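Data first, discussion second: the structure below is written as structure tokens.
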Amino acid sequence: MDSRLLPDNPYLLLTPGPLSTSKGVKAAMFRDWCTWDDDYNALVQDIRSQLVRLAGGGEELTAVLMQGSGTFCVESVIGTAVPREGKLLVLSNGAYGARIGDIARRLGIPLTLMDFGELEPPRPGDVAQALEADPAITHVAVVHCETTTGMQNPVGDIGRVVKDAGKVFIVDAMSSFGGIPMTMADIGADFLISSANKCIEGVPGFGFVVAGREEMERLGGRARSLSLDLYGQWKEMEDKGGKWRYTSPTHVVRAFARALEELDAEGGVAARNARYGNNHHILVSGMNRLGFECLLPPAYRSPIITSFLCPAWPGFTFKRLYEALKKRGFVIYPGKVSAADTFRIGSIGQVFPEDMERLVEAVSMSGLAE
């Protein structure tokens, strides 16, 4: 058995997060930290600086950490960045784009949702037309890697359209930041949102937002929530040297600091992207050999997670495949699209090409392949 698999850790998570983490990341949580201690606050400040660096910025950018899942961070941005007199355009082609629309509706934010369906990316030309047709739109939001299907949306092309129109661009880079090379400048983002337990390979408990400093400074008094006041959280960290407003997930923060060290040791985002891409290639080519078809064409796929069509073979069900793979040390994801019967397999986390080779062999041995 793989040395990473123990009785209390019996399988690799082939999911888009939470994901399998290194022993070093897990071990970092053995120590207790005080939320107001100077050493801990200095750690938070260092993390903020590293996130800005990873986003390609310097003094013009800033970062803020926020308790909760990635969706908490998305809601903090939507609920704070869009002013009362503003209007949000959401570009949706999956469950997570649709969720941004749900957030805006709950908060009473004027909204236009452009639904491109689950199998097509947002089209920049259509976005340009929408912005020209409705001058009331002030902010545009899109998901970079829509893990509903595994689609990688063209955020750079969309960002250029948004910037040409003079609007504020919000990018949900939850499942891509740290695993797909990007800078805020390259994609035209004013706000970039991600989470600790994705491509940086930390554990769940908080997310973060990287933003233009000038844009962040405009947000005072806009928030529609107390605990999800992005400006209030940022201002506290800025003025008090890394202090959180409310109790922070200290163990998770320390684990994330270790994960950042491991990202750097691996060779940075480019090296991690190469590993994830290799994982994805081995997975897809191996599953294709076994008769499984991908939901999306190659041009639309990300290296993060891949959707496969459930075949109409006698005796095949996702549940049977799931149980067979779990017994062999792998956990995969059910499908999430409405347009087809699918299942999903992730390529990120502490997962390596040899793991994907073993996975393909496990599928072959399951008795559920062609």
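Residues in region 35-51 near a label at R213, defined as backbone nitrogen under 16 Å from the 7 Å Cα→Cβ point?
Answer for this model: 45-46, 48-51.
Can you list the trypsin sites (Lys or Arg not before Pro) in region 29-70 that are in a DSSP coil and have 13 or fewer other beta carbons within 10 angstrom?
Loop-located and lightly packed - R31.
Could you calculate the contour length gain from S227 to R106, that is, 0.36 nm times the residue separation minus the distance between their Cα atoms, to one decimal place in nm? If you can, show how the numbers build up before the last one.
Values: separation 121, 0.36 × 121 = 43.56 nm, distance 1.59 nm.
Full-extension gain reported as 42.0 nm.
Report the gain in length on full extension from R320 to A274: 0.36 nm times residue separation, minus Cα-Cα distance, nm rounded to one decimal.
Working: separation 46, 0.36 × 46 = 16.56 nm, distance 3.18 nm.
Using 0.36 nm per residue and subtracting the Cα-Cα distance, I get 13.4 nm.
Please work out the Cα center distance from region 93-136 to region 171-237, rounded to the nearest Å.
Region 93-136 and region 171-237 have Cα centres separated by 20 Å.
Counting pairs of alpha carbon atoms under 8 Å apart in space and at least six apart in sequence, what relative contact order in percent does the chain give? Spell out each step's value before the answer.
Values: 732 pairs, mean separation 89.5, N = 370.
Once normalised by length, the contact order is 24 percent.
Please identify, among A98, A136, A173, the residue showing maximal mean-square fluctuation in a Gaussian network model of the chain using a 10 angstrom Cα cutoff.
A136
For the ranges 111-120, 9-18, 141-150, 301-310, what's the packing order if you count other beta-carbon atoms within 10 Å of each residue, average per peptide, and put the highest first? Each step should come with its number before you reach the end.
Numbers: 111-120: 17.2, 9-18: 19.8, 141-150: 28.6, 301-310: 23.0.
Peptide ranking by packing, descending: 141-150, 301-310, 9-18, 111-120.
For E85 and D164, calculate 0.36 nm times their separation in residues minus their Cα-Cα distance, and state this gained length in nm to one decimal.
Values: separation 79, 0.36 × 79 = 28.44 nm, distance 2.11 nm.
That pair, E85 and D164, stretches by 26.3 nm at full extension.
222 nm [θ] for the chain, helices only, -39500 (n - 2.57) per DSSP H run of 4+, per residue, to 500? Could you put the intermediate results ahead of the total?
On the way: 13 runs with 147 residues, N = 370.
That calculation yields -12000 deg cm²/dmol at 222 nm.
Could you work out the relative contact order of region 88-196, using alpha carbon pairs under 8 angstrom and six or more residues apart, expressed as a whole percent? All intermediate terms of the calculation are to be shown ahead of the outcome.
Details: 196 pairs, mean separation 27.8, N = 109.
RCO, region 88-196: 25 percent.
Going down the list K87/K243; K243/K326; K23/K235; K26/K327; K23/K326, which pairs span over 30 Å between their C-alpha atoms?
Numbers: K87/K243 32 Å; K243/K326 41 Å; K23/K235 34 Å; K26/K327 23 Å; K23/K326 21 Å.
Violating the 30 Å Cα-Cα cut-off are K87/K243; K243/K326; K23/K235.
Each value in this text was obtained by applying a stated rule to the coordinates, not by laboratory testing. These numbers come from a predicted model, not from an experiment. Virtual Cβ from ideal backbone geometry, glycine too; neighbours counted across all protein chains shown.
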